[in-house]
1. Any chance you could give the angle, 0 to 90 degrees and rounded to 10, that helix 134-146 forms with the longest Cα principal axis of the chain?
2. Which residue, SER223, SER70, VAL245, has the largest displacement toward the positive end of the dipole of the chain when charges sit on each Cβ (Lys, Arg +1; Asp, Glu -1)?
3. For region 90-196, what relative contact order do you get, as a whole percent, if you take Cα pairs closer than 8 Å and at least 6 residues apart?
4. Cα-Cα pairs above 21 Å in region 26-131: how many percent?
5. So which trypsin sites (Lys or Arg not before Pro) in region 158-251 pass both tests, a DSSP loop state and at most 16 other Cβ atoms within 10 Å of the Cβ?
6. Counting only heavy atoms of the protein chains, get the accessible area per residue of region 223-273 (1.4 Å probe) and round it to a whole Å² value.
7. Leaving out ligands, DNA and RNA but keeping every protein chain, what accessible area does LEU32 have, in Å² rounded to the nearest 10, with a 1.4 Å probe?
8. Which longest uninterrupted range of the chain lacks any GluC sites (Glu not before Pro) assigned by DSSP to a loop state (not H, G, I, E or B) and surrounded by at most 12 other Cβ atoms within 10 Å?
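The values are calculated or read from the model by the stated rules, or taken from the named source; none is laboratory data. It should be emphasised that the depicted structure is a prediction, and the values quoted were computed from it without experimental measurement. Virtual Cβ from ideal backbone geometry, glycine too; neighbours counted across all protein chains shown. These area figures cover heavy atoms from the full protein model, side chains too; ligands, DNA and RNA do not enter into them. Shrake-Rupley method; radii C 1.70, N 1.55, O 1.52, S 1.80 Å.
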Amino acid sequence: MEKIWEFYKNGQWEVPFLIFSICLFVATSLFLYLLIIESRNRNIKKERLRNEYSILIEKLMSSVIFEDVSFAALKEDKNLMVLFDTSFFRENVVETLINLHKNYEGIYALKLEQFYKDSGLIKDSFRKLKSLRWEIKCKGITELAELNVYDAFDTIVAFSKARNKTLKITAINACIKLAGTNGIVHLTEHADPIDDWTQVNIISAFKKHDIGDTKGVELLLESQNTTVVALGLKLIKELKLTQKVPYVAELAARTNNNLIKYEAQNVLQTLTL
């Protein structure tokens, strides 16, 4: 240190600076290395726990679906309740619930939905909606929609006006999943433009969820937002909603927007051939 100080006093600052830079580089490299090792060990531990939990969760879900075991009965297992107090275990249970719910219908799906509510996992999903991170909000929205939590509809509608495009699309798709056509009627009052990518996703959601009742799609044609009107026309065309032809004809006759008029006439030509 004394030699370094002498270099500095003699105006030879390059040597101390070089030594300091090397020490800083070594320290930073060591810190990053330890950070990577810690992260890797943490991921390995999570994967090991995930594998252990998956066996237990599969048995748990099997008893709920096929043996009519209620969550109240499961609460008697103190070891299981200890696991339920950990966020990682609960997250894995929700993931399994979602995957099972996608593959089951009828009474089995209802049992899964009831377990979701009784176990309090539904509260975890609602908490995700309050997160500052948009990807966490998307996860919560998807969980609530997949498990048919209709009470979340109004809250999810609010996210359909978000600036983040992914969050907006996720919210609109969830609204369609929960309420069909009623899930997009609120777009008639939407002030912001709905870009082509969002429109494509909305149309795909209708096809994916096989919405039978399309009553209300025609309301989109009355919006003051031309992109919402364009979405309505695309839905009518893509879903071949011939019963909506009178509404399209009325729009073509009254609109002063040349682009909308052209799109409406194109829809009429496609559906009346």
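1. 50
2. The residue sitting most towards the positive pole is SER223.
3. Numbers: 95 pairs, mean separation 20.5, N = 107.
Across region 90-196, relative contact order equals 19 percent.
4. Values: 2483 of 5565 pairs.
Value for region 26-131 (Cα pairs over 21 Å): 45 percent.
5. Details: sites: LYS161, ARG163, LYS165, LYS168, LYS177, LYS207, LYS208, LYS215, LYS234, LYS237, LYS240, LYS244; in loops: LYS161, ARG163, LYS215, LYS240.
For trypsin sites (Lys or Arg not before Pro) across region 158-251 that sit outside H, G, I, E and B with at most 16 neighbouring Cβ atoms in 10 Å, the list reads LYS161, ARG163, LYS215, LYS240.
6. Numbers: 2940 Å² over 51 residues.
Result: 58 Å² per residue.
7. 90
8. On the way: sites that count: GLU67, GLU76, GLU105.
Between exposed loop sites, the widest span is 106-273.
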